[in-house]
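See below for the structure under consideration.
The values are calculated or read from the model by the stated rules, or taken from the named source; none is laboratory data. Bear in mind that the values here come from a model prediction, so they are computed numbers and not experimental data. All Cβ positions, glycine included, derive from the backbone under ideal geometry; neighbour counts span all protein chains shown. Note: areas computed on protein heavy atoms with side chains; ligands, DNA, RNA excluded. Shrake-Rupley method; radii C 1.70, N 1.55, O 1.52, S 1.80 Å.
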Amino acid sequence: MAVDLRTRYLGLELAHPFIVASSTLTATLDGVKKAAEHGASAIVLKSLFEEQISAELKKQENQIDELSHPEAVDYVQQMGMRIGPREYVELIKDAKKAVSIPVIASINCVSASWWTEYAKELELAGADALELNIGIMPQGKEDTASHIEDQLYKIIDKVVALVRIPVSVKLGPYFTSLSHVAHECFRRGVKGLVLFNRFYQLDISLEAMSLKGGVAFSNPNDYTTSLRWISILHGRNALDLCASTGIHDAQTALKLIASGASAVELCSTLYKNGYKVIQEMIQESSNWLASKGIASLSELKGKLSQKTSPQPEAYDRVQYIKALTGMY
Ligand SMILES: Cc1cc2nc3c(=O)[nH]c(=O)nc-3n(C[C@H](O)[C@H](O)[C@H](O)COP(=O)(O)O)c2cc1C
């Protein structure tokens, strides 16, 4: 039985749901080509960091330090916006020439300042979509949930007003009410959510008495927070949901599709197990669907989301109940 794995994500027609996530794997043209050669259905480029854009402008500002009156600085900033970190724009252009799969640009952002204009440059360079990787660290006592969410919406509003390509937002799992945030994103013109980013992990070296980076990669059982939220959010509006974190094999990917994901982004498994994983996932997904008599991925999509469930309350459960789980 031939199984149709095609899926639509952000209006893009993908041959199957396996996308290479934004990471060092997709930071270079060689990386992009490698992902395409191994059969990825799309790639998300390594994020361009807001700080990189600022740093480039600082460099240009310093060059005109002698001139340094406000208009000169303004001029240089605008020039910077137009040119931006040139390498990233060039990477998009080169990637679009080199591969036929969609190339999704990514910007890591924490504020909605002038740099958002830069999104337009990425669109002009040929990006098929733009993923906003937004992670705002609420540290201060004034950082209420609504303050943080407002920052998120300001970024979204600015970018959505600037570009015509679809915009997705990649979030972390730490929100007071993700259903509300998701709906606001949708209302503001966002086309998709990537759930969830796995942020840089902070750790301590007791030996050196200093900070160090924690384990960079996820484990195969780290997917359940994404699964829960995709299940809950699927079908509530027209947002496309893309799963990220802890997807290391075909079985997990299929669970995420059943919960309502349109696509899945792969990262840690590619680092740990190599690019062969993509073909294995395609093959195993096809085999499993065929074994269940399911002819297409779209038939599976959302089959076990909260909306379609005869037991919707099961998705809201946050505590163990012995009678139900039989465990504790
Ligand atoms: C080395 C490395 C670099 C990453 N860089 C980015 C990045 O620039 N932008 C981004 O949105 N996510 C970045 N990520 C996060 C991944 O895209 C992905 O969301 C996360 O690793 C969870 O997926 P996984 O469990 O498949 O690894 C990075 C992850 C790793 C391990």
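Using only Cα atoms, find the angle between the long axis of helix 50-63 and the longest principal axis of the chain, and express it within 0 to 90 degrees, rounded to the nearest 10.
The two axes meet at around 10 degrees.
How much FRET efficiency would the formula 1/(1 + (r/R0)^6) give for Arg187 and Asn221, where r is the Cβ-Cβ distance and R0 is 35 Å, rounded to 0.05?
Numbers: r = 34 Å, r/R0 = 0.97.
Working from the Cβ atoms, E equals 0.55.
Note down the nm distance, to one decimal, between modelled labels 7 Å out along Cα→Cβ at Ala161 and at Glu207.
Between Ala161 and Glu207, the simple spin-label model gives 5.3 nm.
Measure nothing but the geometry: give the 0 to 90° angle between the long axis through the Cα atoms of 145-162 and the longest principal axis through the Cα atoms of the chain, rounded to 10°.
The angle comes out at about 70 degrees.
Quick one: 3J(HN,Hα) in Hz for region 92-107, Karplus 6.51/-1.76/1.60 with θ = phi - 60°, rounded, Gly and Pro as x.
Per-residue couplings from phi come out as 4, 4, 5, 4, 5, 6, 7, 10, 9, 7, x, 10, 9, 7, 9, 10 Hz.
Per residue of region 124-129, in order, report the coupling 6.51 cos²θ - 1.76 cosθ + 1.60 (Karplus, θ = phi - 60°) as ³J(HN,Hα) in whole Hz, putting x for Gly and Pro.
Values per residue, Gly and Pro as x: 5, 6, x, 4, 7, 7 Hz.
Helix 70-83: angle to the longest alpha-carbon principal axis of the chain, degrees 0 to 90, nearest 10?
40 degrees
Sort 249-258, 16-25 by packing, meaning the average of other beta carbons within 10 Å per residue, with the highest value first.
On the way: 249-258: 21.5, 16-25: 24.7.
With the highest mean Cβ count within 10 Å placed first, the list reads 16-25, 249-258.
For region 251-299, take the alpha-carbon Rg, divide it by the Kirkwood Rh, and send me Rg/Rh.
Details: Rg = 11.3 Å, Rh = 11.5 Å.
Reported Rg/Rh (Cα atoms, Kirkwood Rh): 0.98.
Among rounded, prolate and oblate, which fits region 161-312 when a ≥ b ≥ c are the square roots of the eigenvalues of its C-alpha gyration tensor, a/c under 1.5 means rounded, and a/b larger than b/c means prolate?
On the way: a/c = 1.86, a/b = 1.20, b/c = 1.55.
Taking the square roots of the gyration eigenvalues as a ≥ b ≥ c, region 161-312 is oblate.
Given charges of +1 on the Cβ of Lys and Arg and -1 on the Cβ of Asp and Glu, with all other atoms neutral, how large is the dipole of the chain about its Cα centre, in debye to the nearest 20? Kindly include the intermediate steps, with their values, before the conclusion.
On the way: 34 positive and 37 negative charges, 247 e Å.
Roughly 1180 debye, rounded to the nearest 20.
Based on the Cα coordinates of the chain, what is the per residue volume of their convex hull in Å³? Intermediate results must be reported in sequence, preceding the final value.
Values: hull volume 58.5 nm³, N = 328.
Residue-normalised Cα hull volume stands at 178 Å³.
With both bridge residues required to lie in the chain, what share of the DSSP beta bridges run antiparallel, to the nearest 5%?
On the way: 7 of 37 bridges.
Taking every DSSP beta bridge within the chain, about 20 percent pair in antiparallel fashion.
Quick one: with all protein chains in place, what share of the accessible area of the chain is carbon or sulfur, to the nearest percent (1.4 Å probe)? Can you show the working numbers first?
On the way: 8820 of 16520 Å².
Carbon and sulfur together cover 53 percent of it.
Roll a 1.4 Å probe over the protein chains and send me the accessible area per residue for the chain in Å². Provide the component values of the computation, followed by the final result.
Values: 16520 Å² over 328 residues.
Accessible area per residue, the chain: 50 Å².
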